[in-house]
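Visitor: What follows is a structure written as structure tokens; I'll ask about it next.
Values quoted throughout were computed directly from the atomic coordinates according to the rules given, and no laboratory measurement underlies them. A quick note: this is a predicted structure, and the numbers were derived from the prediction, not measured. Counting neighbours? That spans all protein chains shown, and the Cβs are built from the backbone with ideal geometry, glycine included.
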């Protein structure tokens with residue numbers, strides 16, 4: 001095991017090591033800050049199973065939807081500067097977006113009704129975000145904006161990214177580099193350069209027949225979080241948080257355990273149906289048009305603002321540390337962004353999810369230990385990635401594995417690490 005672990009957080013190291021012992025990890029890193037101080041910074045394993053390259057201190061990984069929290073933060077920075085109003089129609093900044101009923105808030109909180117792209121995006125457009133956004137500008141919403149919410153897995157980034165581009169003339173990735181990653185020394189890139197791509201971890205599917213970024217398997221799906229759609233749910237209903245997590249007077253743990261065959265089977269059918277909303281949302285633009293999916297340089301270089309960031313665990317945790325310290329956003333801006341805009345059944349994922357302005361909040365879609373029920377915010381990423389902050393405890397956590405989760409032992413890896421982190425408090 002490489003790195004550092006404060007003795008108070010020895011349980012985190014123990015849980016992290018267990019992942020390699022039981023085979024659920026190939027290579028991974030985890031980093032934790034407590035009130036601004038680093039208390040965990042561990043890495044171990046194989047970054048590339050084909051070459052045997054070991055995971056190094058500076059090995060980054062493609063973190064999928066953990067990107068969304070960073071993209072939302074870029075837009076919130078513009079809100080702070082008076083350049084964007086959350087309640088304003090998107091068309092105020094993007095005139096070709098012919099849907100005056102859709103506000104910036106609707107987009108940030110997954111209420112816009114545009115979770116899928118109607119036409120197939122060709123490979124030639126993968127690095128042309130404006131062209132993909134133009135497709136969304138002329139689409140009709142699937143539901144009345146503001147009346148429901150559904151996870152905009154990929155379209156979220158093209159919508160937010162185009163607002164940012166229209167206002168600033170720059171891409172989200174350019175602003176991340178200039179105003180977040182650069183000033184705070186964070187190892188994160190939205191649009192990775194060749195040098196970073198060359199040393200990035202290579203994502204590996206843990207089940208035969210699945211590839212990173214590809215369609216989810218059709219076995220019983222997990223409810224461990226949006227983006228973790230490559231995971232499967234264990235047959236026993238004991239996979240939720242110990243004691244559950246209180247959300248809106250209920251218990252997400254109880255909801256997981258008591259979901260019943262109805263929800264599980266509906267999710268299984270949805271993942272098995274290529275035309276389901278969840279598969280359409282996750283599969284267009286289709287990474288699998290390129291060899292290696294998310295490992296392909298075009299994908300890492302494209303900088304999709306919903307799911308395109310390459311980062312280390314230290315970089316992810318450092319981002320949340322800077323947020324909690326008031327360095328990137330003012331504390332009142334962060335508090336407003338954390339305020340739940342939606343909570344309940346997700347039109348795309350089927351399970352209950354909850355969002356503020358771009359940040360996930362504790363729910364069945366973002367399971368955290370009970371201690372984080374009030375203060376936790378952040379975002380998961382497909383396969384098991386996690387970035388999390390907790391305003392009540394001053395916690396910042398980043399976790400980056402390269403073995404994509406699709407079993408109970410993998411699907412709950414991030415939760416078990418979080419459980420150990422909160423237990424250390």
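Visitor: Taking R0 as 30 Å, what's the FRET efficiency between residue 288 and residue 96 from their Cβ-Cβ distance, rounded to 0.05? Present the calculation step by step, with values, prior to reporting the outcome.
Guide: Values: r = 30 Å, r/R0 = 1.00.
My answer for the efficiency is 0.50.
Visitor: To one decimal place, what orientation-averaged projected area in nm² is obtained for the convex hull of the Cα set of the range 355-425?
Guide: Across all orientations, the range 355-425 yields a mean hull projection of 4.6 nm².
Visitor: Let me ask another. Please report the equivalent ellipsoid semi-axes of the chain, computed as sqrt(5 x eigenvalue) of the Cα gyration tensor, largest first, in whole Å. Can you show the working numbers first?
Guide: Values: eigenvalues 161, 111, 102 Å².
After scaling each eigenvalue by five and taking roots: 28, 24, 23 Å.
Visitor: Using just the helices of the chain, give the 222 nm mean residue ellipticity in deg cm²/dmol: DSSP H runs with n ≥ 4 each add -39,500 (n - 2.57), and the total is spread over all residues, rounded to 500.
Guide: After summing the helix terms and dividing by the residues of the chain, the value is -8500 deg cm²/dmol.
Visitor: Most mobile of 313, 91, 376 per a Gaussian network model of the chain (Cα springs, under 10 Å)?
Guide: Ranking 313, 91, 376 by mean-square fluctuation puts 91 first.
Visitor: To continue, here is another question. Taking a virtual spin label 7 Å from the Cα of residue 6 along the C-beta vector, which residues in the range 361-397 bring their backbone nitrogen under 11 Å of it?
Guide: 394-396
Visitor: Still on this structure, I have one more. At 0.36 nm per residue, minus the direct Cα-Cα distance, what do residue 140 and residue 118 gain on full extension? Give it in nm, one decimal, please.
Guide: On the way: separation 22, 0.36 × 22 = 7.92 nm, distance 0.94 nm.
Between residue 140 and residue 118, full extension yields 7.0 nm more.
Visitor: Restricting things to alpha carbons, find the Rg to Rh ratio for the range 273-389 using the Kirkwood radius for Rh.
Guide: Values: Rg = 15.8 Å, Rh = 16.0 Å.
Ratio value, two decimals: 0.99.
Visitor: Answer rounded, prolate or oblate for the range 48-102, using the Cα gyration tensor with square roots of eigenvalues a ≥ b ≥ c: rounded when a/c is under 1.5, else prolate when a/b is larger than b/c, else oblate.
Guide: Values: a/c = 5.29, a/b = 2.69, b/c = 1.97.
Here the range 48-102 falls in the prolate category.
Visitor: How high is the FRET efficiency between residue 339 and residue 53 when r is their beta carbon distance and R₀ equals 56 Å, given to the nearest 0.05?
Guide: Numbers: r = 43 Å, r/R0 = 0.77.
After rounding, the FRET efficiency stands at 0.85.
Visitor: Follow-up question, since we're still on this one. Could you state, as a whole-number percent, how many of the C-alpha pairs of the range 1-74 are farther apart than 18 Å?
Guide: Details: 1334 of 2701 pairs.
Of all Cα-Cα distances in the range 1-74, 49 percent exceed 18 Å.
Visitor: Further question on the same structure: If packing is taken as the average count of other Cβ atoms within 10 Å, what order do 381-388, 101-108 fall into, highest mean first?
Guide: 381-388, 101-108
Visitor: Still on this model: Quote the FRET efficiency, to the nearest 0.05, computed for residue 37 versus residue 178 with a Förster distance R0 of 30 Å and r equal to the Cβ-Cβ distance.
Guide: Numbers: r = 27 Å, r/R0 = 0.90.
Computed FRET efficiency for residue 37 and residue 178: 0.65.
Visitor: Under 12 Å from the 7 Å Cα→Cβ point of residue 167, by amide nitrogen: which residues of the range 64-84?
Guide: What the label zone holds, given the 12 Å backbone N cut-off, is 72-84.
Visitor: I'd like the projected area of the range 75-130, averaged over all directions, using the convex hull of its alpha carbons. Report it in nm² with one decimal.
Guide: Working: hull surface 19.0 nm².
For the range 75-130, averaging the hull's shadow over all directions gives 4.7 nm².
Visitor: Sort 125-133, 46-54 by the packing proxy (mean of other Cβ within 10 Å over each peptide's residues), most packed first.
Guide: Numbers: 125-133: 18.0, 46-54: 14.9.
Highest mean packing first, the order is 125-133, 46-54.
Visitor: What's the ranking of 1-9, 391-399, 322-330 by average number of surrounding C-beta atoms within 10 Å, highest first?
Guide: Working: 1-9: 14.4, 391-399: 23.0, 322-330: 18.6.
So the order, starting with the most tightly packed, is 391-399, 322-330, 1-9.
Visitor: Suppose we keep just the DSSP beta bridges with both residues in the chain; what percent of those would be antiparallel, to 5?
Guide: Values: 48 of 50 bridges.
Just about 95 percent of them are antiparallel.
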